[in-house]
Amino acid sequence: MRIDILTLFPETTGSVLHESIIGRACSKGLIDIRCVQIRDYTENKQKQVDDYPYGGGMGCVMMAQPLKSALDAVVTEDDENVRRRVIYMSPQGKPYDQNTAKRLASDYDHLVLVCGHYEGVDERFIEECVDEEISLGDFVLTGGEIAAMAVADSVCRLIPGVLSDESCFTEESHWNGMLEYPQYTRPEVWEGRRVPDVLLNGDHAKVDQWRHMQSIKRTKEKRPDLFEKLDLSSKEDQKLLKKLQKDEERIPLEGHTCFRKATNEDLETLRTLCARKYACTPSEETLQEWIRDGNCFVLTYDEAPAAYYAMTTDEKPFYDSITDGRWHFSGAYAVLEYIEVGDPYRGSGMAGLLMEHAAVAAEKMEKHSMRADVSKHNEPAKKLLGRYGYRFRGNLEDRGDRRQAFEKGLIVRN
Ligand SMILES: C[S@@+](CC[C@H](N)C(=O)[O-])C[C@H]1O[C@@H](n2cnc3c(N)ncnc32)[C@H](O)[C@@H]1O
């Protein structure tokens with residue numbers, strides 16, 4: 001791909017395009033970007049490129065002759081077969097998008113990008129020489145250089161070899177009419193915010209599914225106009241859409257949330273917080289023990305207790321009797337004993353906050369993993385654990401009670 005940019009500011013324009021990824025692609029000869037000084041092609045002594053507009057009015061208009069001569073200089077005789085496109089950067093052009101970038105990259109070998117300045121260019125040059133007008137958006141720039149740089153950059157990164165892999169651009173925003181999923185890099189925890197568990201477990205199918213879901217979600221939230229045009233009729237997409245709708249129906253947590261250790265004064269509230277009683281609901285004694293040992297944490301919402309969890313750090317001998325599988329992480333572990341969200345806050349995403357807080361707290365205590373055991377029949381608890389990165393490891397038996405073992409790896413800091 002060769003790109004000639006006809007401009008009054010070739011140094012500035014060229015310096016930007018000869019940096020970084022595009023600059024390296026130029027050095028390797030994958031693309032050839034040249035910035036041509038229009039002023040060099042004037043036929044007057046003063047090297048004047050513009051003049052007053054006929055009919056009067058503010059500003060000056062760029063003359064057709066220097067533009068045409070500059071164009072002729074880049075369109076040489078011996079390249080007749082080259083698929084060329086002359087494009088005038090203009091606020092009156094078709095708004096630029098990724099599909100146009102794709103088309104320019106695939107259909108042409110040589111682009112000539114003409115940058116106007118002042119009040120624009122003489123209309124006769126456009127009529128005579130321009131194949132297409134492209135606008136960067138519905139606003140007016142001082143000159144066409146920024147628009148030309150945007151077009152050159154976005155086209156060049158689609159040329160084979162410029163980026164390390166095709167997926168670098170096929171998975172990006174706008175390639176399939178969607179926005180890209182959120183991206184994360186090291187460290188795994190920053191300012192108390194963890195990278196989503198699904199990205200850390202090495203399950204590529206799950207990662208792909210999560211990313212696809214996030215793309216749909218983002219497109220819906222940030223660009224409803226693009227979302228409307230998406231074809232989401234496949235069975236998989238319909239399933240994801242249903243899940244998305246469920247998430248959207250969650251009660252928004254707009255109040256102030258805060259974690260603190262539970263005290264005996266919380267006992268009464270914790271007991272009444274959850275109207276439902278399950279077989280696994282901790283006994284009064286156990287609850288008191290967790291509070292006494294500092295293992296029970298309360299999540300307050302606008303200062304009122306809303307949810308809680310308990311996590312212990314003593315090794316559990318009965319975990320050694322795991323059958324039909326094995327624990328995957330050795331070293332010290334913490335045990336997620338219990339997690340409960342108060343009735344008014346169910347479906348608000350508080351369970352996720354509790355799970356995240358427990359993992360960060362265990363990491364601070366330098367635990368290598370978290371373990372949990374749940375009754376074989378407790379489907380909601382198993383689903384919750386799965387959603388927050390716990391994996392089924394095998395079966396356990398605790399005084400006749402058949403339980404299942406779950407485990408989640410933590411970030412080992414030393
Ligand atoms: C101040 S503008 C001229 C605007 C022109 N008088 C009009 O109202 O349509 C000067 C030059 O900037 C460039 N330009 C301005 N806005 C642009 C946009 N949105 N997209 C691409 N190029 C733009 C064009 O090359 C244009 O000739």
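The values are calculated or read from the model by the stated rules, or taken from the named source; none is laboratory data. Please read all numbers here as calculations on a predicted model, not as lab measurements. Using ideal geometry, Cβ is built from the backbone for each residue, glycine included, and neighbour counts are taken over all protein chains shown. With ligands, DNA and RNA removed, areas are computed over all heavy atoms of the protein, side chains included. Shrake-Rupley method; radii C 1.70, N 1.55, O 1.52, S 1.80 Å.
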* Fluctuation leader among ALA262, ALA306, ALA205 - the chain, Gaussian network, Cα springs under 10 angstrom -> ALA205
* **Most fluctuating residue given options ASN378, ASN81, ASN99, as computed from a GNM of the chain linking Cα atoms under 10 Å** => ASN81
* Asked: Any idea what the relative contact order of segment 257-414 is, in percent, if you count C-alpha pairs under 8 Å spaced at least 6 apart?
  -> 21 percent
* Structure fact -> Rounded to the nearest 10 degrees, the helix 235-248 long axis (Cα) sits at an angle to the longest Cα principal axis of the chain of 70 degrees
* Asked: What shape does segment 22-95 take by its C-alpha gyration tensor, where a ≥ b ≥ c are the square roots of the eigenvalues and a/c under 1.5 counts as rounded, a/b above b/c as prolate, and the rest as oblate?
  -> prolate
* Structure fact -> For segment 235-364 (alpha-carbon point model, no solvent) the Debye-based log₁₀ I(q)/I(0) at q = 0.15, 0.22 Å⁻¹ works out to -0.83, -1.29
* Asked: Considering only Cα-Cα distances, which of the following residue pairs are longer than 26 Å: LYS68/LYS94; LYS222/LYS364; LYS376/LYS408?
  -> LYS222/LYS364
* To do: Would you mind getting the accessible area per residue of segment 351-414, heavy atoms of the protein chains only, 1.4 Å probe, in Å²?
  => 49 Å²
* Asked: What whole number of Å gives the distance from the Cα centroid of segment 313-338 to the Cα centroid of segment 247-264?
  -> 29 Å
* **Which of LYS220, LYS383, LYS229 is most accessible, then next, and so on - probe 1.4 Å** => LYS229, LYS383, LYS220
* Asked: Taking amide hydrogens as modeled 1.01 Å from N in the peptide plane, which residues meet the under 5 Å criterion relative to SER90, leaving out close sequence neighbours?
  -> ILE134, SER135, LEU136
* Structure fact -> Of the accessible area of segment 1-119, computed with a 1.4 Å probe and all protein chains kept, carbon and sulfur make up a percent value of 49 percent
* When all alpha-carbon pairs of the chain are counted, what percent fall beyond 41 Å? -> 42 percent
* Structure fact -> Here the tail fraction of P(r) beyond 24 Å, over all Cα-Cα pairs of segment 306-414, rounds in percent to 21 percent
* Asked: When Rg is the radius of gyration of the Cα atoms in segment 183-250 and Rh is its Kirkwood radius, what does Rg/Rh come to?
  -> 1.02
* Per the helix-only calculation at 222 nm, which mean residue ellipticity applies to the chain, given -39500 (n - 2.57) for every DSSP H run of n ≥ 4 and division by its residues, nearest 500 deg cm²/dmol? -> -10000 deg cm²/dmol
* Asked: Given a 1.4 Å probe and every protein chain left where it sits, what share in percent of the accessible area of segment 265-334 is carbon and sulfur?
  -> 49 percent
* **Accessible surface, 1.4 Å probe, highest first, among residues TRP190, TRP210** => TRP190, TRP210
* Average the reciprocal distances over every distinct pair of alpha-carbons in segment 1-50, invert the result, and give the Kirkwood radius in Å. => 11.9 Å
* Structure fact -> Kirkwood radius from Cα pairs of segment 126-256 plugged into Stokes-Einstein at 37 °C, 0.692 mPa s, gives D in µm²/s equal to 178 µm²/s
* To the nearest 20 debye, what charge dipole does the chain have about its Cα centre, counting +1 at the Cβ of each Lys and Arg and -1 at the Cβ of each Asp and Glu? -> 1700 debye
